[in-house]
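These notes are about the structure you will find just below.
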Amino acid sequence: MVDDDVRSAPTGSAGRERALDWAGTLARLILGGVLLIAGLLKVGHPGQSARAVQAYQLLPFDVARLVGYGLPLVEIIVGSLLILGLLTRGAAVLGTMLMLAFVIGISSAWARGLAIDCGCFGGGGQIEPAKTAYPLELARDSLFALCGAYLSWRPRSFFSLDRRWYGN
Amino acid sequence: MAKNQPAPQDAVSARQAKIQQATKGTHRGGPNPLVIAGVIALVAIVAVVGFVVINNKNATKAASEGGSALPKGVSAMGQPFVRGTPKAGAPTLDIYEDFQCPGCGQFERILGSTVKEMATSGDVQVRYHVMTFLDDNFQGKNSSRAANAAFCAADDGKFGEMHDLIYANQPTQEGKGWTDEQLTTFAGQAGLTGAALDAWTTCYQKQDHNQYVVSMQDATSKDGVTSTPTVRLNGKDLTLTRMDAAAFKKAVLG
């Protein structure tokens, strides 16, 4: 009979490999899902996306506009690759860079006292000032960046095209 | 492997094991990974660049729709509209609003008449920055159309009246906006009749001030205003929480 475990690691760390593969799968789906959804929400609203990047006042006005136009599609592409588990390491590196950029942007806005909100608000019979949730956003994006960093280091996971096609 | 004569299925599975061993570590079921990476990278770059170019083209096209005439009383592109004639030394109140914004409608309901009083008395320099970003959120053109209607009314000195009427008639359903008929009715109610109304109708249909409207949205982005309503007193953000007319008057006039 063929020995199916021809390529498995020596016994003892097979369990560890499997656990890390599960962690990789989770990281892939979390980061990929978040990026894909974020991209899909913005891809039909180029003006909104452009203004969102301009609001951080980190890039020159027109550069920020163009970045805003392209960002949703980049998110969709990177998110899709992660969900499929194809070119996982490369997609993870890009995804991490994106998340770090957001962390830097939010931190900078917070430090400069910018109040960034998109759209308008109002309700409850009173006029409320803009509510910024910087700490929460920073924590969230840092977590996603960690998922990406982990995958960049160890892109192996279950249910991925990388594994199916390339035995990764 | 067995040295003596193997059974047929043993030979097949033995061969499979050999193939697996030989292809271990290289691609076995999928296309060449370098080719895949190259193709994906190329397609991605082309797609993103193309997408940026198309969006930029659309934005440029939208920004050059309509006419580039400045409304009466406005000195340059991107400049806000001053309501009334302010006295010398009057404090400056910058109001950033979008006609479709419910929060702005609320602001106008609670403090609108106070602002109007300040503007018409000249005690305060009231400057309206009319934003149209909600058109993108609601995927329509209602904010631009309302803005165009208001600035066409400005040409006959009726911006304030038109502005107040549009806010007083905000639809309950966000994004529904106003029809051309409704806006024409407001123009009449604002005091535009006869030749003045004809001039307004021509101005509105040709969107004579549209490029000014676009320039004002861009200017507000540069001013760092990202939500509405935003009110600034002498350049500093004014917090409107729980402010009634009396508190507002005190904050602005001291």
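Values computed for the structure shown
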read-out: Packing-based order for B:147-154, A:23-30, using average beta carbon neighbours within 10 Å, highest first; value: B:147-154, A:23-30
read-out: Mean separation of Cα contacts under 8 Å, 6 or more apart, over the residue count of the range B:81-253: relative contact order %; value: 32
read-out: Helical mean residue ellipticity (222 nm; -39500 (n - 2.57) per DSSP H run of 4+; nearest 500) of chain B; value: -17500 deg cm²/dmol
read-out: Alpha-carbon spread of the range A:41-86, three principal axes, descending order, Å; value: 35, 19, 13
read-out: Computed FRET value (nearest 0.05) for residue B:121 with residue A:142, which takes r as the C-beta separation and R₀ as 51 Å; value: 0.45
read-out: Rg(Cα)/(2.2 N^0.38 Å) for the protein assembly as shown, N = residue count; value: 1.36
read-out: Simple spin-label estimate for residue B:169 and residue A:13 in nanometres, 7 Å along Cα-Cβ; value: 7.5
read-out: The range B:117-176: radius of gyration over Cα atoms, expressed as a fraction of 2.2 N^0.38 Å; value: 1.24
read-out: Kyte-Doolittle at least -0.5, axis length at least 15 Å by Cα - qualifying DSSP helices, chain B; value: B:33-63, B:102-121, B:142-154, B:194-205
read-out: Ranked by how many other beta carbons lie within 10 Å on average, peptides B:37-49, A:134-146 from highest; value: A:134-146, B:37-49
read-out: Cα-Cα over 23 Å, subset of B:116/B:141; B:61/B:141; B:72/B:250; B:72/B:236; B:57/B:176; value: B:116/B:141; B:72/B:250; B:72/B:236; B:57/B:176
read-out: Inter-probe distance in nm under a simple model that places probes 7 Å from Cα toward Cβ, at residue B:62 and residue B:233; value: 3.5
read-out: Ratio of the Cα radius of gyration of the range B:29-120 to 2.2 N^0.38 Å, where N counts its residues; value: 2.04
read-out: FRET efficiency for residue B:182 and residue B:109, using Cβ-Cβ distance with R0 set to 22 Å, rounded to 0.05; value: 0.70
read-out: Square roots of five times the Cα gyration tensor eigenvalues for chain B, Å; value: 63, 22, 17
read-out: Average beta-carbon neighbours from other chains, 10 Å sphere, peptide B:97-104; value: 3
read-out: Residue mean of other protein chain beta carbons inside 10 Å, A:85-92; value: 2
read-out: Listed peptides A:32-44, B:118-130 by packing density, highest first (mean Cβ within 10 Å); value: B:118-130, A:32-44
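Laboratory data are not the source of any read-out in this text; all were calculated from the coordinates shown. From a predicted model like this one, the values you see are computed outputs, not experimental measurements. For neighbour counting, all protein chains shown are included, and Cβ atoms are generated from backbone atoms with ideal geometry for every residue, glycine included.
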